[in-house]
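Structure, as structure tokens:
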Amino acid sequence: MRIHGILAGALTAGWCVISAGAAVQPAAPRAVQPYAATSAAKRAVATPRASADAVFFETQVRPILAAQCYSCHGPKIQQAGLRLDSREGLLRGMSGRPAVTPGDPASSPLIAVLSHAGAIKMPPQGKLPQPAIDTLAEWVKQGAPWGASSSGDSKPETRNPKLPLWSFQPLRSGPAPKVKNPKWVRTPVDAFILAALEAKGLAPAPPVDRRKLIRRVTFDLTGLPPTPEEVEAFVADPDPKAYEALVERLLASPAYGERWARHWLDVARYADSNGQEGDQDRPTAYHYRDFVIRALNEDMPFDTFARWQLAGDEYEPDNPQAVAATGFLTAGFYTVLNVPMEEEKIRNRYNELDDVLSTTGAAFLGLTVGCARCHDHKFDPIPTKDYYRLLAAFNAGDRAEVPLLPRAEAAQRRDAERTWKGRLDAARKELDAWLAEQKKPLTQQLRNARIDALPLGEPEKALLRDSPADPKARELARKYEKNLRVEDRDYRPLLTEAQQNRWDVLATAVRRIEAEKPAPIPTALAMADFGAQPRETWLLDRGDLHFKKEPVQLGFLTALTHGRSPADYWADAKARGDRKDTTYQRRALADWMTDPRQGAGALLARVQVNRLWQHHFGEGLVRTVNDFGRQGEAPSHPALLEWLASELVRGGWRLKPIHRLLVTSAAYRQGAAFSARAARVDPDNRLLWRRRPLRIEAESYRDAMLAVAGTLNPQRYGPAFKPPVQPEAIQARNVKDPYPEDAQDAPETRRRTVYMFHKRVVQYPLLQAFDGPDAAASCGRRSITTVAPQALAVLNEPFVRLRSGEFARRLLAAETEPAAQVQAAYRLALGRSPSPMELEASVRFLEQQTTRRAARDTGADPKLLALTDFAQVIFGLNEFLYVD
């Protein structure tokens with residue numbers, strides 16, 4: 001079993017006894033991606049040959065290209081449309097012909113023009129030295145490998161401001177290309193992938209076996225491991241459509257929405273507190289999270305999903321889900337400023353609006369709209385005026401606790417609450433007035449009795465009785481405030497029986513009305529406009545709130561508006577609504593955003609299918625998933641991206657059919673077998689000649705431990721839970737709602753991680769260690785690191801140890817013999833049986849560890865402790881952390 005080096009070292013040095021000789025390496029077919037692989041090794045395929053190719057390119061080839069070619073065919077200028085500072089540009093070439101043919105220098109136009117072998121001779125100032133040409137020819141012969149990334153240090157050719165931005169164009173979907181090996185094609189997706197591979201003389205990897213396939217797709221679609229029973233049933237199922245049936249079952253599982261909601265919540269920068277210095281909790285923010293989960297499980301059309309998040313309250317104000325959906329707009333940071341400085345409040349307001357607009361642009365359109373706050377966007381066609389016209393839609397409202405009831409019912413409930421409060425106030429007033437009247441003749445008597453009981457001399461007592469306004473009397477009254485206090489119960493013995501009965505009647509009436517208090521109206525932290533009239537919005541010169549350049553009206557991105565003006569969208573939105581307390585500007589924005597013909601819908605579709613592709617395959621067709629502008633990367637398979645986006649729109653914007661297309665494809669079912677030849681041609685595996693080994697996200701890691709331990713709480717929806725966090729991890733200061741220091745591990749904290757309370761200034765340590773985002777900004781793609789603190793978290797995190805103990809108890813309850821326990825552990829955690837070597841080493845470890853525990857931990861069950869140690873090792877395995 002492969003264990004992270006630090007984890008293995010700590011185990012052998014401390015409380016575990018797996019020695020170097022006992023750490024069994026699995027057979028070659030079971031090899032997994034090394035847990036400690038470096039980021040560089042992931043980028044430049046971790047083989048000596050790939051490393052040598054990268055060094056050769058960086059030291060021998062790139063200097064020649066940079067010195068001789070980049071001035072005319074580089075990042076700033078691309079004469080004849082040819083760009084040579086990225087591999088994409090090199091292979092795209094000009095006039096539809098690649099500049100090089102990897103592996104064949106003789107048929108490569110670049111080598112021909114550099115050799116001055118034809119009519120075109122480059123560089124124009126004179127032929128390069130022959131050694132330089134020979135070096136470039138050898139590079140092409142090797143497959144034209146690039147450096148650490150296919151684009152080198154430069155940016156893709158779409159950054160040329162003179163070229164039209166591909167992502168802003170209308171959808172143009174063509175038929176799937178013809179391929180030489182049509183038998184490999186399972187869905188149209190495969191035709192696009194295979195055509196690109198065949199063009200480079202490559203072939204896809206063999207398919208993965210069923211045991212690995214069910215683990216892959218189950219984690220992918222639900223974020224949980226398959227049970228041993230599910231694995232064995234699928235492996236033994238003779239039905240040729242067994243995999244398709246498995247996919248349907250997983251897509252129909254409620255766990256699907258919980259898994260994929262986490263991806264969108266990253267994009268929406270969702271958290272359960274305000275952030276900033278105060279970081280107040282948001283008790284009702286969870287309604288937005290629940291909306292996302294429900295919407296995905298119900299396969300809500302994505303255009304509706306987008307519209308509701310921008311303006312659900314203006315589309316369906318009587319639908320609680322539509323109202324809760326606008327929590328997307330309130331999910332960012334928020335600071336409550338109790339300061340008199342109006343300027344500071346205005347500045348903070350604009351910062352919050354910028355957060356909303358920037359997140360909206362990144363999440364739905366994959367654009368860095370926020371860059372236009374102070375000046376016209378330097379790369380994309382987004383002028384500052386468009387930025388402030390978009391801002392007008394959000395400036396009309398603010399976050400609020402919005403009722404989650406139909407308007408008529410909410411009005412009735414408010415009326416009922418007002419009526420109840422009126423009755424309660426009247427009853428209390430009657431009681432207070434009657435009681436004051438009864439107290440009046442008795443108050444001085446009771447006060448004098450209190451004065452007489454004080455440890456004072458008679459002069460001081462007389463002063464208190466007769467001259468209460470005297471300064472010395474007031475000083476004495478403050479000193480003996482508690483002793484002099486007269487309470488309601490002190491009057492009761494002095495009242496007549498009739499008076500006492502009347503008091504009881506009036507007090508009972510108050511308590512009866514208090515008990516009749518109507519249930520509170522359920523609310524969610526959501527968006528609400530201030531009224532029907534838009535607020536004044538100004539274009540700020542250079543983003544400076546002191547310099548209002550000109551007032552602006554609602555508008556959209558001019559470059560994505562075709563044949564229908566913002567005023568048209570706005571007029572239509574107002575005509576379709578019946579509310580008198582909202583501007584309908586956000587609805588107009590949402591209509592434009594989801595309009596694939598005259599608005600931004602084509603870009604919206606591209607961005608969303610790219611997000612789905614990224615999570616299924618490890619990288620997007622466009623790797624910069626939140627940036628489809630010139631600063632972003634060009635798509636690796638442009639025609640496939642167009643086809644998928646068009647398919648999304650044609651299919652009514654439903655996501656599950658796209659999932660189905662992707663996960664049932666042959667490309668998805670590939671194994672992870674490495675090919676040195678393919679790596680030379682495509683070092684980054686952008687053409688998908690094999691499966692990328694993927695590490696499960698932090699949330700799935702936590703959920704998988706609970707599932708394997710058998711203690712995962714299936715409760716769905718509702719308020720977030722706060723798990724225990726070590727005191728040293730909650731050292732935040734000045735927060736309004738500090739994280740509880742006494743939170744306990746309990747069944748309610750063993751729910752899926754998507755339901756965990758996400759406090760911005762107190763990130764859960766295990767999630768933080770495994771690259772969970774902090775919700776400070778929209779996160780379309782998580783960073784994946786492999787660092788020592790991850791191994792230390794597996795060793796020291798109390799959550800891991802607790803789940804290891806539960807896993808051990810589950811194994812003890814099911815099996816009595818160590819060998820059977822080991823086999824059960826492997827089937828539960830890894831979906832397979834251990835190899836003979838793994839079984840032997842694990843049993844030997846349990847026996848040795850039991851002996852050690854018996855000698856050291858008196859009073860405890862040594863078998864349980866040894867099995868707990870073994871379970872913790874299982875949770876630290878690469879094979880547990882990585883899919884494939």
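The values are calculated or read from the model by the stated rules, or taken from the named source; none is laboratory data. Keep in mind the model is a prediction, meaning the values are calculated, not measured. So basically every Cβ, Gly included, is an ideal-geometry build from the backbone, and we count neighbours across all protein chains shown. Ligands, DNA and RNA are excluded from the accessible area calculation, which covers all protein heavy atoms including side chains. Shrake-Rupley method; radii C 1.70, N 1.55, O 1.52, S 1.80 Å.
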Going through (1) in a helix (DSSP H, G or I); (2) buried (at least 22 other Cβ atoms within 10 Å of the Cβ); (3) acidic (Asp, Glu); (4) touching a Phe, Trp or Tyr at 6+ places or on another chain (Cβ under 9 Å) one by one, GLU352 fails only at (2)
Filter segment 260-304 for residues that are part of a helix (DSSP H, G or I) and of a type in the set (S, T, N, Q); the one that is nearest to HIS615 (Cα to Cα) is ASN297
Those residues of segment 627-670 which are part of a helix (DSSP H, G or I), of a type in the set (Val, Ile, Thr) and under 19 Å from GLU244 (Cα atoms) amount to ILE658, VAL663
Condition check: closer than 21 Å to ARG511 by Cα, in contact with a Pro (Cβ under 8 Å, 6 or more places away or on another chain) and assigned to a helix (DSSP H, G or I). Does GLU430 satisfy that? no
(message) Regarding segment 602-615, can at least one residue be identified that is buried (at least 23 other Cβ atoms within 10 Å of the Cβ), aliphatic (A, V, I, L, M) and more than 17 Å from ILE658 (Cα to Cα)?
(response) no
Of those in segment 562-583 that are out of contact with any helix residue (DSSP H, G or I) (no Cβ under 7 Å at 6 or more places or on another chain) and of a type in the set (S, T, N, Q), the residue nearest to ARG535 (Cα to Cα) is THR583
Given (1) open to solvent by less than 10 Å² (accessible area, probe 1.4 Å); (2) within 30 Å of PRO301 (Cα to Cα), ARG660 misses just (1)
Practice task
Might you check whether a residue that is basic (Lys, Arg), surrounded by fewer than 17 Cβ atoms within 10 Å (Cβ to Cβ) and in a helix (DSSP H, G or I) occurs anywhere in segment 856-878?
Solution key: yes
Screening ASP774, ASP737 for residues that are within 23 Å of GLN280 (Cβ to Cβ), touching a residue at least 12 places away in the same chain (Cβ under 8 Å) and either touching an Asp or Glu at 6+ places or on another chain (Cβ under 6 Å) or open to solvent by less than 30 Å² (accessible area, probe 1.4 Å) (or both) leaves only ASP737
Practice prompt. Would you mind stating whether LEU506 is of a type outside the set (Asp, Glu), over 60 Å from the mean Cα position of the chain (by Cα) and open to solvent by less than 90 Å² (accessible area, probe 1.4 Å)?
Written response: no
Among the residues of segment 513-526, the number that are farther than 30 Å from THR326 by Cα and loosely packed, with under 12 Cβ neighbours inside 10 Å is 2
Only one of ALA392, ALA400, ALA362 is open to solvent by less than 40 Å² (accessible area, probe 1.4 Å), touching a helix residue (DSSP H, G or I) at 6+ places or on another chain (Cβ under 7 Å) and of a type outside the set (S, T, N, Q), namely ALA392
HIS287 being under 10 Å from the mean Cα position of the chain (by Cα) and in contact (Cβ under 8 Å) with a residue 24 or more places away in the chain: no
Restricted to segment 569-598 and to residues being without any contact (Cβ under 8 Å) to a residue 60 or more places away in the chain and closer than 19 Å to LEU171 by Cα, the residue surrounded by the most Cβ atoms within 10 Å (Cβ to Cβ) is TRP592
Scanning segment 370-387 residue by residue, those outside any loop (DSSP other than H, G, I, E, B) and either touching a residue at least 24 places away in the same chain (Cβ under 8 Å) or hydroxyl-bearing (Ser, Thr, Tyr) (or both) turn out to be THR384, LYS385, ASP386, TYR387
Contact list, first residue from segment 851-862 and under 18 Å from PRO818 (Cα atoms), second anywhere and open to solvent by 90 Å² or more (accessible area, probe 1.4 Å), beta-carbon distance below 9 Å, six or more apart or interchain, is ARG853/LYS863; ALA854/LYS863; PRO862/THR851; PRO862/ARG852; PRO862/ARG856
Pairs returned, first residue in segment 507-529 that is touching a residue at least 60 places away in the same chain (Cβ under 8 Å), second residue that is of a type in the set (Lys, Arg) and open to solvent by 60 Å² or more (accessible area, probe 1.4 Å), beta-carbon separation under 8 angstrom, 6 or more apart or interchain, are VAL510/ARG428; ILE513/ARG423; PRO518/ARG413; ILE521/ARG413; ILE521/ARG414
Checking ARG801, ARG832, ARG827 in turn, the sole residue that is open to solvent by less than 20 Å² (accessible area, probe 1.4 Å), modelled with pLDDT of 95 or more, closer than 22 Å to GLU697 by Cα and among the charged types (D, E, K, R) turns out to be ARG832
Of the listed residues (ALA205, ALA195, ALA236), the one being small (Gly, Ala, Ser) and either open to solvent by less than 10 Å² (accessible area, probe 1.4 Å) or in contact (Cβ under 8 Å) with a residue 40 or more places away in the chain (or both) is ALA205
In segment 457-486, residues that are touching a residue at least 24 places away in the same chain (Cβ under 8 Å), open to solvent by less than 70 Å² (accessible area, probe 1.4 Å) and more than 24 Å from ALA498 (Cα to Cα) total 2
| said: When you check VAL231 against the structure, is it closer than 25 Å to ARG660 by Cβ, within 19 Å of the chain's Cα centre (by Cα) and open to solvent by less than 40 Å² (accessible area, probe 1.4 Å), yes or no? | reply: no
Taking segment 671-715 and keeping residues assigned to a loop (DSSP other than H, G, I, E, B), touching a Pro at 6+ places or on another chain (Cβ under 9 Å) and among the polar types (S, T, N, Q) leaves THR711, GLN715
By residue number, the members of segment 807-824 that are among the hydrophobic types (A, V, I, L, M, F, W, C) and either crowded, with 20+ Cβ neighbours inside 10 Å or out of contact with any Leu (no Cβ under 6 Å at 6 or more places or on another chain) (or both) are PHE807, ALA808, LEU811, LEU812, ALA813, ALA814, ALA819, ALA820, VAL822
Scanning segment 299-349 for residues that are within 18 Å of ALA271 (Cα to Cα) and open to solvent by 30 Å² or more (accessible area, probe 1.4 Å) gives PHE333, TYR334, THR335, VAL336
Checked ALA698, ALA678 against criteria (within 21 Å of the chain's Cα centre (by Cα) and small (Gly, Ala, Ser)); the one match is ALA698
Note: among THR496, THR523, just one is farther than 30 Å from ASP415 by Cα and modelled with pLDDT of 90 or more, namely THR496
Note on segment 593-635: residues over 24 Å from the mean Cα position of the chain (by Cα) and of a type in the set (Gly, Ala, Ser) are GLY599
With the first residue restricted to segment 136-150 and required to be at pLDDT below 80 and buried (at least 19 other Cβ atoms within 10 Å of the Cβ), and the second required to be among the aliphatic types (A, V, I, L, M) and not in a helix (DSSP H, G or I), Cβ contacts under 8 Å at 6 or more apart or on different chains are GLY147/ALA44
